[in-house]
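Peer 1: My questions will all concern the structure given below.
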Amino acid sequence: MLGYFSRIVARFGKHRGLAAIVAGVIGLLTIDFSSPAQALPSFARQTGQPCGTCHTDFPALTPYGRRFKLLGYTTGGGEFRTNPFSSQVARDARAEYEKMMGYVKALPPQAPKKVEEDKEWVPPVSMMAVVGYTHTQADLGIVTGGPPDPYSQNNNVVLSPFSGFWGGAITDNIGAFAQVTYNAIGPGTAADPFDRHTWTWDNTDVRYANIAHFGPLDVIYGITANNNPTVQDVWNTTPAWAFPYAVSNVFGPQNPGTVIEGAFAAHVAGVGGYAFINDLLYLELTGYKTLGFSTQNSLGTDPFGAPGQLGGVSPYWRVALEPHWGRNTLMVGAFGGQFNVHPWVDTSFATFSTAVFPQTDRFTDIGFDTQYQYQGDNWWLTLRGSYIREFQRLDATFTNNLGPSGLPTNATDQLNSLKLQASFAYGADNRVVFTGQYFNNWGTADAGLYGLDANGLPLTPNSNGWMAEIAYIPFGASKMVGWPWFNARIGLQYTYYNKLNVNFANTSNPHDNNTLFLHAWFAM
Amino acid sequence: MKKALLVQMAVLASSLATPVLAADLPMKAEVPVAPVFSWTGCYLGAHAGGGRGTKDMTDPVLLVQDSLIAPGTTTGVTTVTTTPTGAVIGGEIGCDYQFAGNAVIGIEGTASGTTMKASSLVGLPFTGQTALVQANNDFLASVTGRIGYAFNNVLVYARGGVAVAGDKYDVSGGDFNGGGPFHFQGADNRYGWVAGGGVDWAFTRHWSMNVEYDYYGFGNGPILMTEQFSSANGVVINGVVNVKQTVQVVKVGFNFHIWGSGW
């Protein structure tokens, strides 16, 4: 292990000191990693499975991992009791279902298990930390007027995020993935008095799940309560769990995105129902409502960080087909939602007002996604694609002239988001994961939303580029020393911006934003 | 190769040359029965075809003249008809259930990107100039039920349900009344209905090909048009036009059928 870290340090040349620090931390903590989300050691303790059973590279899920989530994070099988109330009868019923679905056949042989009642219960809590080093092509700190302490103009090392989780069963049919996160403050001045929260509730998904049989139909059904549209999804093609799983939060362009791509994450609460029929067809309908201003603030979320408050209940829907044959798994699906947003009257809070405009902006999002996974003997190949089309009817923004540039906006706009990705994970333990992604956002020119170009014409939100990442996961398939208590992931990520809107790119040259992000992700 | 073929033929001959026993009665040879195709299951696929729309815009003349000069400048009402045409390419997901009597019911979601666009010139009487009215449709989606009757592996069906169209409109022209060029722009997500039908032919156990015609009705509704050059100068100039539209699509699709749990 030490030899490996020594080699890493040696390869970083002038950044050798930084690499030594990172490697030292890794060596001290021994660890595991996970993205702002899954691959939790608590899941491993509960299921008795190595991380690689559920994850190709966390948080990207395998077919088994998707069913673990669909079954409400309640699947047991480990050396620890699943929950304080679990019984062997219930465990056997669940295990029988899993065998029927055929996914446990791929698991390595296990030692005879204890009866559930004889096991010790350990609360399914986990922690994770991401330490990242960020280098941008230009010194963006200088370009943007200089960041506040403790940041430098470039080459910053930041510990962020740091999270605590409840990840696992609560009862035989209820489980949760709940995350509380510390985020380092961003560079620059606060946009409003509530913009300096460091601790916040993060992705949360509490669900009830059960199984039923209706004639020829075998159904997993459940109820999900969560705080971010798509966080409940089990494919890594929808926004909440899409690549990149870890990003630098020091600099980088703030490109306009569709609303469903996280605009209301942690600002809303939603409850919905889902069904997975015959291990093939997934259907879901969830409704979301905005949390009150003070509730958001109490949970560590800046209410003004969202475009406004939702009027009424916003529906989110999802349909997907996942046929599988042999070692192949294909998914073709669609998802979407409609969000009626009352914009804030005063996002600076200068007038101490939390009022919203009576008019609404209506965002109608429709997304299409696909994923193909192939499980080799010692590797995974995953291809993913997603396209989101957003129609914006900007009644409130247009009527009240709320465009950030100060110029009038269009009454209606369209915004599109496309991601195409390939990922190859090779190895069991000492797994190396290569991921490449093309991203492209484009939409209607709008002077109010995106400003003007040098000729005085309205700009577009158009941006595109490439991402490449190589990640090393020391513990993927076998049960290494420390399992099921630790894991880790070390990633080197490069983002190349081919095109950016100048008003969101910090500089007129998009390449100035090209970012190298070396990160180590620990979980325990 | 030839030797192997001879061996196979010998095996085949020996299997056919079964001894005839004296007690055997002449019997009608058993005719193999082809399995009846069932449409029960889910499917996903892709389609391609062509579309033609009709968009009646009222009143682009009033939009330009009354917005850029003064309300009341325009007399009369002008309706400009454009007929966007183009390719329609997309995909679909659906599930069907076949009853014992060969009736089939199902539900299907489709989404298509389209290249349907058209333009038309209209005169501006106040100045004697013209404006170019452009209309395009770049998106069609629907959720429909479908009912049909199966003739074994051929399904004749009709479908109907709700639909949405993504539309963009432009009304533009050169220097107008000495105020420079103008460019009004608007977009719409228009909800409506769709009805259609077709024939689906399952040419293997998993694959089917269909030919389908669909008629979309999107009614009549207002579109708020914003003048782009004035927006860039911090001035809001806008107006409303009404657009009535229909779309007709003919397409060919290929679907892959998945038979419940497993294959």
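Peer 1: Determine whether A:P358 is more than 27 Å from B:D138 (Cα to Cα) and of a type outside the set (G, A, S).
Peer 2: yes
So that you can scan it fast, the table gives a plain yes or no per residue for (1) open to solvent by less than 60 Å² (accessible area, probe 1.4 Å); (2) in contact with a Gly (Cβ under 7 Å, 6 or more places away or on another chain); (3) of a type in the set (A, V, I, L, M); (4) at positive phi:
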{"residue": "B:G186", "(1), (2), (3), (4)": "yes, no, no, no"}
{"residue": "B:G192", "(1), (2), (3), (4)": "yes, yes, no, no"}
{"residue": "B:A202", "(1), (2), (3), (4)": "yes, no, yes, no"}
{"residue": "B:R205", "(1), (2), (3), (4)": "no, no, no, no"}
{"residue": "B:N220", "(1), (2), (3), (4)": "no, no, no, no"}
{"residue": "B:M225", "(1), (2), (3), (4)": "yes, yes, yes, no"}
{"residue": "B:G234", "(1), (2), (3), (4)": "yes, no, no, yes"}
{"residue": "B:Q245", "(1), (2), (3), (4)": "yes, yes, no, no"}
{"residue": "B:V250", "(1), (2), (3), (4)": "no, yes, yes, no"}
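Peer 1: Find all pairs meeting these conditions: Cβ atoms under 7 angstrom apart; at least six residues apart or on different chains; first residue within the stretch A:424-448 and within 14 Å of another protein chain (Cβ to nearest Cβ); second residue among the charged types (D, E, K, R) and part of a strand (DSSP E or B).
Peer 2: Pairs found: A:G443/A:D413; A:T444/A:D413; A:D446/A:D413.
Peer 1: Please go through the stretch A:285-330 and pick out each residue that is of a type in the set (K, R) and open to solvent by 50 Å² or more (accessible area, probe 1.4 Å).
Peer 2: Hits for the stretch A:285-330 are A:K289, A:R327.
Peer 1: Going through the stretch A:415-431 one residue at a time, which ones are modelled with pLDDT of 95 or more and more than 20 Å from the chain's Cα centre (by Cα)?
Peer 2: Matches in the stretch A:415-431: A:L415 only.
Peer 1: For the stretch A:159-169, name all the residues that are open to solvent by less than 50 Å² (accessible area, probe 1.4 Å) and either over 25 Å from the mean Cα position of the chain (by Cα) or modelled with pLDDT under 85 (or both).
Peer 2: Correct list: A:S160, A:P161.
Peer 1: Consider A:Y274 carefully, then state whether it is open to solvent by less than 30 Å² (accessible area, probe 1.4 Å) and out of contact with any Asp or Glu (no Cβ under 6 Å at 6 or more places or on another chain).
Peer 2: When the stated conditions are applied, A:Y274 does not pass them.
Peer 1: Going by the conditions given, is A:Y245 of a type in the set (S, T, Y) and either open to solvent by 10 Å² or more (accessible area, probe 1.4 Å) or assigned to a loop (DSSP other than H, G, I, E, B) (or both)?
Peer 2: When the stated conditions are applied, A:Y245 passes them.
Peer 1: Please determine whether any residue of the stretch B:143-161 is at pLDDT 95 or above and facing chain A (nearest Cβ under 10 Å).
Peer 2: Yes, the stretch B:143-161 contains a residue that is at pLDDT 95 or above and facing chain A (nearest Cβ under 10 Å).
Peer 1: What pairs come out if I take residues in the stretch B:70-83 that are hydroxyl-bearing (S, T, Y) and pair them with residues that are open to solvent by 80 Å² or more (accessible area, probe 1.4 Å) and not in a loop (DSSP other than H, G, I, E, B) whose C-beta lies under 9 Å away, six or more apart or interchain?
Peer 2: B:T79/B:K244; B:T82/B:K117; B:T83/B:R52
Peer 1: Right, B:G123: of a type in the set (G, A, S) and either within 14 Å of chain A (Cβ to nearest Cβ) or out of contact with any strand residue (DSSP E or B) (no Cβ under 7 Å at 6 or more places or on another chain) (or both) or not?
Peer 2: In short, no.
Peer 1: Shifting gears a bit: Just the residues that are part of a strand (DSSP E or B), farther than 22 Å from A:F177 by Cβ and either modelled with pLDDT under 75 or open to solvent by 70 Å² or more (accessible area, probe 1.4 Å) (or both), please, taken from the stretch A:117-150.
Peer 2: A:E120, the sole residue that qualifies.
Peer 1: Can you pull out the residues in the stretch A:196-249 that are charged (D, E, K, R) and over 15 Å from the mean Cα position of the chain (by Cα)?
Peer 2: Residues satisfying the conditions are A:R196, A:R207, A:D218.
Peer 1: Restricting attention to strands (runs of 3 or more DSSP E) lying wholly within the stretch A:283-388, give those where 2 or more residues are within 11 Å of another protein chain (Cβ to nearest Cβ) and free of Cβ contacts under 8 Å to residues at least 60 places away in the same chain.
Peer 2: A:314-321, A:328-343, A:361-375
Peer 1: How many of the residues in the stretch B:162-174 are open to solvent by 30 Å² or more (accessible area, probe 1.4 Å) and away from chain A (no Cβ under 14 Å)?
Peer 2: Of the residues in that region, 1 qualify.
The values are calculated or read from the model by the stated rules, or taken from the named source; none is laboratory data. Everything numeric here is computed off the predicted structure, so don't read it as measured data. Cβ sites come from the backbone with ideal geometry, for glycine too, and all protein chains shown count toward neighbours. These accessible areas exclude ligands, DNA and RNA; they are computed on the full protein's heavy atoms, side chains included. Shrake-Rupley method; radii C 1.70, N 1.55, O 1.52, S 1.80 Å.
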